[in-house]
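In what follows, a single structure is set out as structure tokens and then discussed.
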Amino acid sequence: MSQHVWTKSSHCQEGEACVHISAPTRETVLLADSATPDPSSVITAGRSAFSSLIRMLRAGE
């Protein structure tokens, strides 16, 4: 991954492919999969869209 500060998902077990999150600015959230460390696979989302995604996942949608 890149020079950003990344946080690993709390649902990840040791040795598994995990989702990593970085927030390089107040408006931007980056998502990456440790199984695909290629920088071109990083997804960029606005904070509002990311918050909506988390709400949907928590609701089971």
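Below are the figures for this structure:
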{"read-out": "Whichever residue in the range 9-29 is under 17 Å from Leu57 (Cα atoms) and outside any loop (DSSP other than H, G, I, E, B) and, among such residues, is farthest from the chain's Cα centre (by Cα)", "value": "Val29"}
{"read-out": "Candidate set: the range 34-59, residues that are of a type in the set (Ser, Thr, Tyr) and over 13 Å from the mean Cα position of the chain (by Cα); chosen: the one nearest to Pro24 (Cα to Cα)", "value": "Ser48"}
{"read-out": "Within the range 22-61, tally of residues that are among the hydrophobic types (A, V, I, L, M, F, W, C) and out of contact with any strand residue (DSSP E or B) (no Cβ under 6 Å at 6 or more places or on another chain)", "value": "7"}
{"read-out": "Residue ID - surrounded by the fewest Cβ atoms within 10 Å (Cβ to Cβ), chosen from residues in the range 30-55 that are of a type in the set (A, V, I, L, M, F, W, C) and assigned to a loop (DSSP other than H, G, I, E, B)", "value": "Ala35"}
{"read-out": "Residue that is modelled with the highest pLDDT, among those in the range 4-19 that are more than 15 Å from Leu53 (Cβ to Cβ) and in contact with an Asp or Glu (Cβ under 8 Å, 6 or more places away or on another chain)", "value": "Cys18"}
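The values are calculated or read from the model by the stated rules, or taken from the named source; none is laboratory data. Keep in mind it's a predicted model, so treat the numbers as computed, not measured. Heads up, the Cβs are rebuilt from the backbone with ideal geometry, glycines too, and the neighbour counts pull from every protein chain shown.
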